[in-house]
Amino acid sequence: MPFYLDEAEQRALLGLIEAAIAAAPLFQPRMPRTGKPFSVKMTNCGTLGWVSDQRGYRYQPAHPATGRPWPPIPPLALQAWNELGRYPHPPEACLVNVYGLAARMGLHQDRDEEDFAAPVVSLSLGSTCIFRFGAATRGGKTQSLELASGDAIVLGGAARLAYHGVARILPGSSNLLADRRINLTLRRVTMPPRAAIDA
DNA sequence: AAGTAACA
DNA sequence: ACGG
């Protein structure tokens, strides 16, 4: 979905994310068990945030270092969820992944959420990346796609559990952020409540 | 295995 | 492939 956000929107969203990072500092996630650090840095917005450390993957309501609640999801990101997600409940998490030139993300599934009927909506800011995605089983074929600043993708339906990752960041590919990529992924984490029944 | 290394 |  090329150029979902125009340049003005990208700058506006970047400002909101920088403010969120100031309130909820970037941290370095670590692998379960081994404690090996990820090459990306992360933070979150929303009522729940995804964290990974030696104890495992989980969603939690507060920042692991500050203990404070995560800042709210920026309005422009909520708008993207509403326009692209086609899902009748709000997102609870907006994971913010920050990639430098050396950062990568191995192939994985997003499967720590309760409701796989809800899509994952992704927004890219800054440097272009080579994004890889495949089937919902490991070891299948993968395709490559460049994601540039302002692009949006939706992992929904059959693609909700597709393996995906980031192979590399392309140097010199952005005027918005010098050799840095910020990816936002919006997720519904918990099963939404059943519709209220009027008495 | 959301990790790395090493191979072609 | 390794190994959690």
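The values are calculated or read from the model by the stated rules, or taken from the named source; none is laboratory data. For clarity, every value in this text was computed on a predicted model and none was experimentally measured. Cβ coordinates were reconstructed from backbone atoms using ideal geometry, including for glycine residues, and neighbour counts include every protein chain displayed. For accessibility, only protein heavy atoms count, side chains too; no ligands or nucleic acids. Shrake-Rupley method; radii C 1.70, N 1.55, O 1.52, S 1.80 Å.
One table, with the values for the structure above:
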item	result
Difference of contour (0.36 nm per residue) and Cα-Cα distance, residue A:115 to residue A:89	8.3 nm
Accessible area in square angstrom per residue, chain A, 1.4 angstrom probe	51 Å²
Candidate residues A:190, A:142, A:34: accessible-area rank, largest first, probe 1.4 Å	A:34, A:142, A:190
Low-density loop positions, trypsin sites (Lys or Arg not before Pro), segment A:156-199 - DSSP coil, at most 14 other Cβ in 10 Å	A:194
Cβ crowding within 10 Å averaged over residues, with A:52-60, A:120-128 ranked highest first	A:120-128, A:52-60
Interchain or long-range residues, amide H under 5 Å from residue A:92's placed H	A:187, A:188, A:189
Charge dipole of segment A:45-199 about the Cα centre (unit charges at C-beta), most positive-ward option of A:96, A:136, A:77	A:136
Extension gain (nm, one decimal) between residue A:18 and residue A:34, 0.36 nm per residue minus Cα-Cα	2.7 nm
For chain A, Cys with no neighbouring Cys Cβ under 4.7 Å	A:129
DSSP-loop GluC sites (Glu not before Pro) across segment A:104-199, with at most 15 other Cβ within 10 angstrom	A:114
Cubic angstrom per residue, convex hull over Cα atoms of segment A:7-187	110 Å³
Charge sum, other residues only, whose C-beta stays under 15 Å from residue A:91's C-beta, Lys/Arg counted +1 and Asp/Glu -1	-3
Sulfur and carbon atoms: percent of accessible area, segment A:108-199 [1.4 Å]	53 percent
Computed [θ] at 222 nm, helices only, for chain A once each DSSP H run of length n ≥ 4 contributes -39500 (n - 2.57)	-3500 deg cm²/dmol
Mean Cα-pair separation over length for segment A:1-156, i.e. relative contact order, pairs under 8 Å, 6 or more apart, %	25 percent
Accessible surface, 1.4 Å probe, highest first, among residues A:112, A:151	A:112, A:151
